[in-house]
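Engineer: I'd like to ask you about the structure that follows.
The values are calculated or read from the model by the stated rules, or taken from the named source; none is laboratory data. Because the structure is a prediction, the values reported are computed rather than measured. As a convention, Cβ positions derive from the backbone with ideal geometry for all residues, glycine included, and neighbour counts pool all protein chains shown. Only protein heavy atoms, including side chains, enter the accessible area calculation; ligands, DNA and RNA are left aside. Shrake-Rupley method; radii C 1.70, N 1.55, O 1.52, S 1.80 Å.
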Amino acid sequence: MSDRISKLLAHQGTPPVKSTLGAVLFLAWPAIVEQIMITLVQYVDTAMVGSLGSQATAAVGLTASTTWLFNGFFAAAAIGFSVQVAQHLGAGRGEDARRVVWQSLRFTVLFGILMGAVGFALSFPLPALLGAEPAVRGDASLYFRIMACAMPFTLGTNMFSAAIRCAGDTKTPMVLNLMINVFNVILNTLFIYPTRPVEVLGLRFTMWGAGWGVGGAAFASGLSTALVCLLFLAALFRKKSPIRISLHQRYKFERGCLLAAWRLGLPAALERSIMCVAQIVITAIITGIGTVAVAANHLAVTAESISYLPASGVAVAGTTLVGQAIGAGRKDLAQRFARMVTWMGVGMMTLGGAVLFLFAPQLIMIFSQEAEVIDLGSQVLRIVAFAEPLFGASIVASGALRGAGDSKGPFLISLASMWGVRITLSLALVGSLGLVGVWLAMAAELCARGLIFLGRLYRGKWLHIDLFAASGGKK
């Protein structure tokens with residue numbers, strides 16, 4: 001835990017606004033950069049595959065929602081263990097925090113292999129189940145199959161980076177996720193394209209390439225993730241920190257830790273599941289419109305992600321700060337952190353929405369030069385731009401609530417808004433408005449979700465959740 005946060009938790013009375021804002025920014029800026037680095041992997045893959053044509057783009061985009069479903073399980077598992085780390089450290093229980101980290105490592109091996117096997121088996125029928133055109137199915141299946149093989153490492157990257165962040169260190173995850181992008185660009189260059197002549201700074205030479213196309217993009221991403229996962233593991237064992245672990249002091253699974261992880265992770269997993277299953281349903285709806293709509297939707301979703309990266313980074317800071325404040329018994333400070341980070345998220349997403357509206361065509365053109373795709377992608381980006389501020393409120397508020405151990409609230413809110421608003425409106429509007437109708441439904445749902453999250457945050461019931469009492473652990 002950083003000295004800056006420790007001083008705030010030890011402060012008697014209400015610390016100055018400048019101090020709390022400084023703590024938020026201290027944790028948030030590396031987390032924001034980290035989110036950008038993570039998203040750049042998707043940007044790079046999409047842009048490089050996009051040069052192969054709309055069918056290749058559609059093949060990658062087709063399985064994106066299913067990939068998000070699996071990543072949702074991984075993120076939920078990371079929440080289940082990392083929030084415990086934050087609360088233990090806030091209460092000064094360093095040994096308990098290290099116990100949690102060791103158990104998260106054991107869990108990563110078992111759960112990662114299980115989910116990878118499920119993903120591998122699912123890769124064969126998945127494109128047909130989603131209604132993909134025959135020309136797209138082969139590449140889509142191959143892409144997802146390769147990504148499934150890397151799932152244990154994807155889970156490890158999620159789990160270890162979350163634990164390190166909740167210990168107050170957001171710089172190490174930032175640096176390592178930067179390395180994912182460096183590895184990914186290099187490996188993409190080698191595995192997507194065939195051997196070809198290249199000119200760099202006036203020098204001409206022949207660059208070897210595997211020419212694997214869509215499969216090469218998946219292989220490059222998976223290998224990059226595996227390499228960085230190992231670096232995260234090395235950081236846990238070697239980097240001096242409150243959660244440094246050692247082979248000389250290993251811990252087995254403990255009932256209290258697993259119950260707390262279950263209590264935190266299950267609602268988060270269910271939330272990600274219903275969100276991602278809804279995305280799969282929407283993907284199937286869009287697939288019926290045609291390949292251009294699938295490609296435009298995927299590129300618009302990819303481009304939109306740039307607007308909420310800062311809010312996602314602030315949400316990470318909110319989880320850490322609220323978790324440590326709750327662990328230290330400082331509910332007043334937890335509430336102050338939660339409200340501050342949420343309104344910071346709203347402000348950042350307002351600027352993000354303006355970027356989407358003003359530069360929609362340019363953002364789509366990063367990934368495709370096809371006129372139909374650019375036109376349709378630009379239209380839907382400008383629609384969702386107006387919903388971004390309230391989307392920011394939901395992103396950051398949910399992070400703050402989870403830091404206090406409240407995973408059930410975000411799950412119920414997402415269930416009601418996604419299935420009650422987005423799916424219903426999409427089915428009602430797609431027939432007459434096509435992809436535009438689906439994105440109008442999305443904008444309406446994001447606004448509704450944000451308002452509900454703000455209401456829950458300000459009611460304050462989440463301040464009274466006792467995570468460890470429910471699991472039989474220490475408090």
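Engineer: Test each condition in (1) part of a helix (DSSP H, G or I); (2) in contact with a helix residue (DSSP H, G or I) (Cβ under 9 Å, 6 or more places away or on another chain); (3) under 30 Å from T319 (Cα atoms) for F237 and report the one that comes out false.
Structural biologist: F237 satisfies every listed condition except (2).
Engineer: Here's a check for you: in the range 431-445, which residue that is modelled with pLDDT of 90 or more and small (G, A, S) is nearest to A385 (Cα to Cα)?
Structural biologist: Checked the range 431-445; the qualifying residue nearest to A385 (Cα to Cα) is A443.
Engineer: From A47, A91, A78, A128, which residue is aliphatic (A, V, I, L, M) and open to solvent by less than 10 Å² (accessible area, probe 1.4 Å)? First the steps, then the outcome.
Structural biologist: Details: A47 fails: open to solvent by less than 10 Å² (accessible area, probe 1.4 Å); A91 fails: open to solvent by less than 10 Å² (accessible area, probe 1.4 Å); A128 fails: open to solvent by less than 10 Å² (accessible area, probe 1.4 Å).
Every option except A78 fails the conditions.
Engineer: From L69, L105, L114, which residue is closer than 30 Å to R255 by Cα, at pLDDT below 90 and either open to solvent by 10 Å² or more (accessible area, probe 1.4 Å) or not in a helix (DSSP H, G or I) (or both)? Let's see the steps before the verdict.
Structural biologist: Values: L105 fails: at pLDDT below 90; L114 fails: at pLDDT below 90.
It is L69.
Engineer: Considering only the range 361-375, state which residues are surrounded by 24 or more Cβ atoms within 10 Å (Cβ to Cβ) and either within 20 Å of the chain's Cα centre (by Cα) or in a helix (DSSP H, G or I) (or both). Step through it out loud before you land on a result.
Structural biologist: Of the range 361-375, the ones surrounded by 24 or more Cβ atoms within 10 Å (Cβ to Cβ) are 364, 367, 373.
Matches in the range 361-375: I364, V373.
Engineer: How about the range 252-344: which helices (runs of 4 or more DSSP H) wholly inside it have at least 2 residues that are at pLDDT 90 or above?
Structural biologist: 255-287, 309-327
Engineer: What about T57, is it crowded, with 23+ Cβ neighbours inside 10 Å and within 17 Å of the chain's Cα centre (by Cα)? If you could, list the steps in order and put the result at the bottom.
Structural biologist: Values: crowded, with 23+ Cβ neighbours inside 10 Å: yes; within 17 Å of the chain's Cα centre (by Cα): no.
No; evaluated as a whole, the condition is false for this residue.
Engineer: Suppose we filter the range 120-177 for residues that are within 16 Å of the chain's Cα centre (by Cα) and outside any helix (DSSP H, G or I); how many remain?
Structural biologist: Here the count works out to 1.
Engineer: Before we move on, is P410 without any contact (Cβ under 8 Å) to a residue 24 or more places away in the chain and in contact with a Ser or Thr (Cβ under 6 Å, 6 or more places away or on another chain)?
Structural biologist: Values: without any contact (Cβ under 8 Å) to a residue 24 or more places away in the chain: no; in contact with a Ser or Thr (Cβ under 6 Å, 6 or more places away or on another chain): yes.
Here the answer is no, as P410 does not meet what is asked.
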